[in-house]
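Asks: The structure that follows is given in the form of structure tokens.
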Amino acid sequence: MSEDMTLALTLFTVGFAVVMLGMGALVAYYGSKKTRNAGFAFILIGAVDFWYWNMQSVAGGAWAGVAMLDSLLAVAGGFAGAIVGVIIFLVAIIKS
Amino acid sequence: MYSWSDPLFGYAWNFEFFVVAFLFGLGLATLGSGLFTAYFGAGKSQQIGFGLIVGAVLVLGVQYHQTYIADPATLDAASFRYGLISAVAAMVGMAAGMFVVLFILMKVDTVDDLEDLDLEDLEDLDLDEELKKLEKELAAEDDGGDEAEDDGGDDAPAKDANEGGDKE
């Protein structure tokens, strides 16, 4: 597998896990009964996803060749840029 | 270019990834929201949408210029490629996660409160009877209220009018 494809797979896994953990925490906290159980299931899926990422990259698996820490830095930058973009959008809409 | 050796982890962080991905995140988010607003908005909102699209094109264009056209280049071409791949892959991963969460929540019967509701009581309910009971209760309250609050004030004008009429 090419390095670019490995990087894309790695970041896909990280993005998926972040959303599953975040949404799972929200659903488990604010939901009740079945919704709460679904939230715990999301958290479990996110944890398994993170464990798989750890096994493949940090622990020296198939994705070890990718500069994982720099990629995480890239994700953090992407998040920050997206948040700034959304803030610009909201300010433009509210001020109009 | 913008690397920092971390003594704690023993790792040289390449902050150019952060800058590149930040610009990609800013550009793509602004472009997406601008396209959305320009398509669905009207009047002033639509103009804002076009403005956001222009801003996004400027951000992405300057980033491309500083990577491939400017001499000497400010940003590394490899960082540009890796940053783009990282940003797009992470966004696709997050979108997939959101889709899975929403799909499961829609499939799971999450309306828990209806289970606590005793529907048999509602089926046996006679609405006409309940309405009559309510009307009776309201009428009784009105009567009771009039008697309790009757201090003669309501009758006073009529009495005064009669008295006035007699005097004339």
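The values are calculated or read from the model by the stated rules, or taken from the named source; none is laboratory data. None of the values given here were measured: they were computed from a predicted structure. As a convention, Cβ positions derive from the backbone with ideal geometry for all residues, glycine included, and neighbour counts pool all protein chains shown.
Asks: Could you list, in sequence order, all residues of region A:40-51 that are more than 17 Å from B:ALA89 (Cα to Cα) and more than 9 Å from every other protein chain (Cβ to nearest Cβ)?
Replies: Within region A:40-51, A:PHE40, A:ILE43, A:LEU44, A:ALA47, A:VAL48, A:TRP51 meet the criteria.
Asks: Still on this structure: Modelled with pLDDT under 60 and either assigned to a helix (DSSP H, G or I) or not aromatic (Phe, Trp, Tyr) (or both): which single residue out of B:GLU147, B:GLU129 fits that description?
Replies: B:GLU147
Asks: Okay, next question. If the Cβ limit is 8 Å and pairs must be 6+ apart or interchain, which residue in region A:25-37 that is within 7 Å of chain B (Cβ to nearest Cβ) and loosely packed, with under 15 Cβ neighbours inside 10 Å pairs with which residue that is at pLDDT below 85 and not in a helix (DSSP H, G or I)?
Replies: A:SER32/B:ASP112; A:LYS33/B:ASP112
Asks: Take the conditions within 11 Å of chain A (Cβ to nearest Cβ) and over 19 Å from A:ILE87 (Cβ atoms) and apply them to B:ALA78. Does it pass?
Replies: yes
Asks: Okay, moving on. If you go through region A:1-17 one residue at a time, how many are out of contact with any helix residue (DSSP H, G or I) (no Cβ under 7 Å at 6 or more places or on another chain) and either small (Gly, Ala, Ser) or facing another protein chain (nearest Cβ under 7 Å) (or both)?
Replies: 1
Asks: Go through B:PHE17, B:PHE36 for me and flag whichever is modelled with pLDDT of 85 or more, of a type in the set (A, V, I, L, M, F, W, C) and out of contact with any strand residue (DSSP E or B) (no Cβ under 9 Å at 6 or more places or on another chain).
Replies: Within the list B:PHE17, B:PHE36, the selection yields B:PHE36.
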